[in-house]
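So the structure is just underneath, and the comments pick up after that.
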Amino acid sequence: MSFLSSLQPVRFVLVLLFMVGTLIAFQPQSAQASVSSITIVSNGGASEGNGWSKTNGVITSSAPVSINASDIVASLASGNTQISATTIDVNSEIVWTNSSKLTLTATGALNINKSIQASGTTAALELTSTPLYKLATGSGASIQLTGATPSLTINSQVFTVVNTKAQLLALTSSSTFIALGRSLALTDTYSNSVVTGAFSSVFDGLGNEVSGLKITTAAGPATNLGFFSELRGATIRNFGVTNAFIQTTSSSTSNNIRVGLIAGLVGDLTSSTSTPSAYSSNISHVWSSGSVVAQDTAGTDQQGSFFAGGLIGCFNNGSLFISDSYSTATVGSAGTYSNQMANGGLLGDAFALHGTNGNIHLELERTYSTGVILEGGHGLYYGTGGLVGQFIADGSTFIKDSFSWAAITGSGQSVGGIAGWREWWQSRTTGGIYSSYTTFTTLGNFWQANSAFDSYTSVTATPGTTLPNGFSPSVWSKSSGSMPILQGLASPQVPLFVKVVAPTDGTYSTMSYVIVDSAGTTQNLATLGLAAPTGTVQYSIPSAVSPGTYSVSYVSGLSLTGVNANNYYLAPFTTPTSVTITSALTAQTVTWSPTNTSASFTSAQLTPNSSATSSGSGAISYAVNNAGTTGCTVSGSNPPVISFTSAGDCVVRASAAGTVTEASAFKDVVFTITTPQAQTVTWAPTNTQVMANASPLTPSVLATTSGTGNITYSVQSDTTSQCTVGNSTGIVSFSGAGVCVIRATANANATYSSAYKDVTFTIGSATTTMSLTLDVAIGNAITNAPVDYATTGLQPGAVWNLVLRSTPQTLASGNIGSLGAVVGSTAIPSGLSAGWHSLTLSGTSINGGLVSTAVWFEVSATGTLLASQTTEPSENTISPTGLPRTGLAAVNFLILGISLLLLGMYLLLAYRGKLDTVA
C-alpha cells in the first residue's frame, strides 16, 4: 500500500469533521429575547429615532425608553396608534379628541398611573397585558371614553362602554362586560338598586364613579339594596360609589334587609347548599362614601335581619375576594331593632346561607374603613365591626394588611375594630387576622383563640417612620406623627362629625348642627385650615315629617372648604340626636328644568335658560351639591352662572328656604360638562393664485367641517396686498400684489372643539414690468453666462419668449401663469461668433398689447464679453474690423464667400482646359 493511499481514511475523517463543523457553525441560533420597556412621560422623553421607532402607526423599542405623551397624542392625531413592548408604564396623561384608536400591548405588565382620555365619537382603546392591566385609582388615574359610541377591548374581550345616565339605568343583571366610560352623577331618588337581580359578569369602572345614588324604600321579606342588588360570581373593579344615601324603613320582623353601597348581597337566597366552590366574586380597587342606614320612625322600626356594609351588605355563598378597596361610609341601624344584625365598615355579615350545613370562603387584603359604624338594637345574632360586622367562614378565611379608623358605637361583646365576631367554622387552618390594626380598643370577639398575628388595637399616631412588626414596607408606609397607611390606595381622610342640634320650638326649620370630633367636642374649623361648610344640609327625616320624636342624624349636602378641605370629610355624629317635632310644616316643591344642561369645558361658563321656582314662599338659592371632576362653582341667581374648568358632571342644587310654616325643599340638576370632540376643516379652493385686478375674489369652494362648528373667515397674515375677507362669505378683497393667508375656523360649540384650515392666496401685480439681465462681467467668457429674466402684469395664458439673435435661438418660452408673472434664468449657449448679438424677452401685457425688452452685447474673437447695453448699438459704435449689428456680418461674409467660390471654379476650369490643350 502506498503512503498516499494510506492517508485516504484520514482524509475521509477530516472531510467528515469539516462537514459537521460547518453544520454546527451555520446552525440557526435562537434569538436572545430583548426587554423593551416603554414609559410614557410628560417631558424629557426621547425623540423618534432615538431608542424608539414608529412604522405604520406601531411604536416599538428594543431597549427601555421614555416617550413624551405629546408624541403619542401627535401620532393619534394622524391615525390609529399602537404601542408594543415587554412592559408599558403610562406616567403622563394621554388625551386625544378624534376617533383614533390607541392600542397598548404588553407581553408583561401594563401600569396606567395617569389618566387616559378620549372624546372622539368612535374613539377606541385596546389593552393587552399579562397580568391584567393595573390602574392607579388610588392616585386618581382613570380611563375616560366620553364619545357617543366609543369602543373598549381588554385582553381580547370587548366591553360595552356606558357613559350616560340613561345607559347606566338601562343595565340589568343579564348585562355582560360593562365599562363605565366617565363619572356620572345621579340626582333622583330610587326605590331599588341601579342593577337589579344577580349580576354575574364583569363591571370595570375604569377609575370612574357614580355619585349621588339615593335609595329610600320600605323593606320587604327579601330586600337587597346597593348599586347592584346581588353579585353572583361577578368581578367589580376600579369603581366608586360616592356621596350615596340608602335608607330603609321596616315595621315588621318578617323583613330581611341586606344593604351595601356596592351590592346588597353576594351569593344567593335560593341555592340548596353553600360551598366556597359555588362561584368566586372578586372586588378590587373599589371605594365608597355616604350612608347606609335603617331609619328610625318614631322608635318603631324593626326588621328580622339587617346586614349592612360600606361595600357589601351580606355574603352567604361561594368565595368572596375583596382587595385594594376602602369605604368612608356611615353604616348603622341606630334607633331600630333587628333580630339579627351585622354592621361593618366594608362588609356586614358573612355566614353560609345554610349555617352549619354549608360554608363560605372570605379574603380581605389591603383594605381599610374610616366611617362611622352605629349599632342598633338586636337579638343574640349580631356583630358590629370596623371592617366586617361578623364572619363565620372556612378555615382559610383571612383578613390581611388592613386597618380601620372607624368610629364605632356598640355596647355588646361582639364589637370590634376589625370584626365584631370572627369564627372559622369547624376548624381554623391558615386563616386569621394578619398584619392589620385598628384605632378601636379591640379587634373584636372570636370563637377560636390565637387567631390574630401581628395585629394591633388602640393604635395612635406616633413619631418616627418605623412600621409595626410584621408590616411589610412594600405594602405599608408611615410618616412621622402619623399612623401606617397602605401604599397604592387613596390616603385616608380624617372624619369630622356633623352633630344635629334639636330645635327648641318643635319645628323642623329651626333644627341646626355643629361640627364636632368623635367625642362630641365642637371644633374650631379655622385652626384646622377649614371654613364653614357650604351647601344645603339633609337630615335622616324629611322636612315635612309628621309630629313625633325621632332619632335624627346628618345625611348629606354639606361640603368642607378651606386650604385643608381635602384632608377631612364630614360624617354623621356617632350618636343620633333625639328630636321632637310638634308642628308639622307644609311641604314646598321646587321646580327647575333648564334644557341647556350640557356644555364643553372650553366654554368655561354656562347660564341655565330657566330659573328655579317654589310652590311655597321660601327664597330660592343655588349651590354646588357635587362638583365631581369639573371644579364647578355657582354665582348669581335667577338664573345662576355655572363656571367649570374640566369635564364631568356638576350637580347644582336649587333650594327653597324653610319658613315658619313651610319645610325647606330642593331640586338637583346635573350639568354635564364634556370634553369637546375634534372636528376637521376642509378647504381647498383652486383659484388661490390671481392678479390684483381680480378683486374681489370668491373662492372656488368654501370651507366645510366634519363637526357642527360655525365656519368663519379671517385674515391670518398679509404681506403687501392689503387683503380683507368676509367673516361669513369668505370673499377675499385686495388692492395690491402680495401674499394673503386666510383662516377658515370651525368654531367650538357644546360638542366640538375649534379647528381651522389656512389657505394662502398669492396676488400678482397688474402693472406690466419686464427685466432682463446678462450676468457676466466685461472680459469674462460669454459661454454659459447667466441670463436672468422676470416679468409682472402679463396676460395669463399668453405665450412669452426669450430669443437670442445672431442666428435666432429660443432660450426659454412658455405660457404666462395665473399671477401674470415669469421669473427664471438660463445661459448663453456656446459657439457664438465674434460681434454684436441681442437677447429679446417678449410677451403680451395684461391689456393685450405686445411688450418686450432687450439686451445687446458684443463678443470678442476669443469668446469674451466686450460690451453690454440695453440700447441697440449705432453704426458709429461698430469698429472697421469688427462686425455690424447682429445679422449684418453674415451677409458680408456670404458675398465674400460666393466671390471666392466663383473664382475657384473659373481657375479649375481653366486648368482643365489647359490640360486638354496640351493633350
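Using the structure shown, decide if Thr370 is of a type in the set (Ser, Thr, Tyr), touching a His at 6+ places or on another chain (Cβ under 7 Å), open to solvent by less than 10 Å² (accessible area, probe 1.4 Å) and not assigned by the TED database to the domain that holds Tyr569. Criteria not met by Thr370. Just name the residue that is farthest from Ala755 (Cα to Cα) out of those in segment 53-85 that are hydroxyl-bearing (Ser, Thr, Tyr) and open to solvent by 40 Å² or more (accessible area, probe 1.4 Å). Among residues in segment 53-85 that are hydroxyl-bearing (Ser, Thr, Tyr) and open to solvent by 40 Å² or more (accessible area, probe 1.4 Å), the one farthest from Ala755 (Cα to Cα) is Ser62. Return yes when Ala308 is open to solvent by 10 Å² or more (accessible area, probe 1.4 Å) and either assigned to a loop (DSSP other than H, G, I, E, B) or modelled with pLDDT of 95 or more (or both) and no when it is not. Here the answer is no, as Ala308 does not meet what is asked. Considering only residues in segment 207-221 that are buried (at least 17 other Cβ atoms within 10 Å of the Cβ) and over 21 Å from Ser284 (Cα atoms), the one that is farthest from the chain's Cα centre (by Cα) turns out to be Ala219.
Criterion applied to Gly843, Gly835, Gly820 was being in contact with a helix residue (DSSP H, G or I) (Cβ under 7 Å, 6 or more places away or on another chain) and open to solvent by less than 10 Å² (accessible area, probe 1.4 Å), and the one residue passing it is Gly835. Checking the stated criteria, Thr235 turns out not to satisfy the condition of being modelled with pLDDT under 95 and either β-branched (Val, Ile, Thr) or crowded, with 24+ Cβ neighbours inside 10 Å (or both).
Pick from segment 320-331 the residues that are crowded, with 24+ Cβ neighbours inside 10 Å and of a type in the set (Ser, Thr, Tyr): which of them is farthest from Thr577 (Cα to Cα)? Looking at residues that are crowded, with 24+ Cβ neighbours inside 10 Å and of a type in the set (Ser, Thr, Tyr), I get Ser325. Criterion applied to Asp204, Asp188 was being more than 17 Å from Gly309 (Cα to Cα) and more than 26 Å from the chain's Cα centre (by Cα), and the one residue passing it is Asp188. Scanning segment 730-754 for residues that are open to solvent by 50 Å² or more (accessible area, probe 1.4 Å) and among the charged types (D, E, K, R) returns no hits. Among the residues of segment 546-589, those identified as in a strand (DSSP E or B), over 43 Å from the mean Cα position of the chain (by Cα) and surrounded by fewer than 16 Cβ atoms within 10 Å (Cβ to Cβ) are Gly548, Thr549, Ser578, Thr580, Thr586. Screening the candidates Ala656, Ala665 for the property of being surrounded by 15 or more Cβ atoms within 10 Å (Cβ to Cβ), in contact with a Gly (Cβ under 6 Å, 6 or more places away or on another chain) and farther than 30 Å from Val95 by Cβ yields one hit, Ala656. Evaluating Pro676 against the criteria (1) more than 13 Å from Ser754 (Cβ to Cβ); (2) open to solvent by less than 20 Å² (accessible area, probe 1.4 Å) leaves one unmet condition, (1).
Of the residues Thr602, Thr633, Thr645, Thr629, the single one that is over 11 Å from Ile673 (Cα atoms), open to solvent by 20 Å² or more (accessible area, probe 1.4 Å) and hydroxyl-bearing (Ser, Thr, Tyr) is Thr633. Taking into account only those residues within segment 416-443 that are among the aromatic types (Phe, Trp, Tyr) and in a loop (DSSP other than H, G, I, E, B), which is least open to solvent (accessible area, probe 1.4 Å)? Going through the qualifying residues, I end up with Phe440. Does any residue of segment 291-299 turn out to be closer than 22 Å to Gly371 by Cβ, hydroxyl-bearing (Ser, Thr, Tyr), open to solvent by 10 Å² or more (accessible area, probe 1.4 Å) and in contact (Cβ under 8 Å) with a residue 60 or more places away in the chain? Checked against the condition, which is being closer than 22 Å to Gly371 by Cβ, hydroxyl-bearing (Ser, Thr, Tyr), open to solvent by 10 Å² or more (accessible area, probe 1.4 Å) and in contact (Cβ under 8 Å) with a residue 60 or more places away in the chain, segment 291-299 yields no hits at all. Among the residues in segment 52-62, are any aliphatic (A, V, I, L, M), free of Cβ contacts under 8 Å to residues at least 12 places away in the same chain and either assigned by the TED database to the domain that holds Ala755 or farther than 30 Å from Ser325 by Cα (or both)? The answer is no; no qualifying residue exists.
Taken over segment 109-125, the criterion of being within 17 Å of Ala141 (Cα to Cα) and either open to solvent by 10 Å² or more (accessible area, probe 1.4 Å) or touching a residue at least 60 places away in the same chain (Cβ under 8 Å) (or both) is satisfied by Ala109, Asn111, Asn113, Lys114, Ser115, Gln117, Ser119. Taking residues in segment 522-548 that are closer than 17 Å to Ser291 by Cα, and partners anywhere that are hydroxyl-bearing (Ser, Thr, Tyr) and in a loop (DSSP other than H, G, I, E, B), the pairs with Cβ atoms closer than 8 Å and at least 6 places apart or on different chains are Thr536/Ser664; Tyr539/Ser553; Ser540/Ser553. Ala148 - would you say it is outside any strand (DSSP E or B), open to solvent by 10 Å² or more (accessible area, probe 1.4 Å), under 22 Å from Leu213 (Cβ atoms) and not assigned by the TED database to the domain that holds Tyr752? No; evaluated as a whole, the condition is false for this residue.
Against the criterion of being in a loop (DSSP other than H, G, I, E, B) and either touching a strand residue (DSSP E or B) at 6+ places or on another chain (Cβ under 6 Å) or closer than 22 Å to Gly51 by Cα (or both), Ser99 does not qualify.
The strands (runs of 3 or more DSSP E) located wholly in segment 805-845 that include 2 or more residues which are of a type in the set (A, V, I, L, M) and touching a residue at least 24 places away in the same chain (Cβ under 8 Å) occupy 822-827, 835-844. Please verify whether segment 507-527 includes one or more residues that are of a type in the set (Val, Ile, Thr), open to solvent by less than 40 Å² (accessible area, probe 1.4 Å) and at pLDDT 90 or above. Yes, segment 507-527 contains at least one residue that is of a type in the set (Val, Ile, Thr), open to solvent by less than 40 Å² (accessible area, probe 1.4 Å) and at pLDDT 90 or above.
Candidates Pro495, Pro484, Pro468, Pro503: the one that is open to solvent by less than 70 Å² (accessible area, probe 1.4 Å) and touching a helix residue (DSSP H, G or I) at 6+ places or on another chain (Cβ under 9 Å) is Pro503.
Note on segment 859-868: among residues that are in a strand (DSSP E or B) and open to solvent by less than 40 Å² (accessible area, probe 1.4 Å), the one that is farthest from Pro796 (Cα to Cα) is Thr864. Restricting Gly379, Gly358, Gly348 to residues that are at pLDDT below 90 and more than 17 Å from Thr442 (Cα to Cα) narrows the list to Gly358. Among the residues making up segment 38-67, those that are out of contact with any Ser or Thr (no Cβ under 7 Å at 6 or more places or on another chain), of a type outside the set (A, V, I, L, M) and on the phi < 0 side of the Ramachandran plot are Asn43, Ser47, Glu48, Asn50, Thr55.
The values are calculated or read from the model by the stated rules, or taken from the named source; none is laboratory data. Note that the structure is a prediction, hence the values are computed from the model and not measured. Glycine gets a Cβ as well: all are built from the backbone with ideal geometry, and neighbour counts include every protein chain shown. Ligands, DNA and RNA are excluded from the accessible area calculation, which covers all protein heavy atoms including side chains. Shrake-Rupley method; radii C 1.70, N 1.55, O 1.52, S 1.80 Å.
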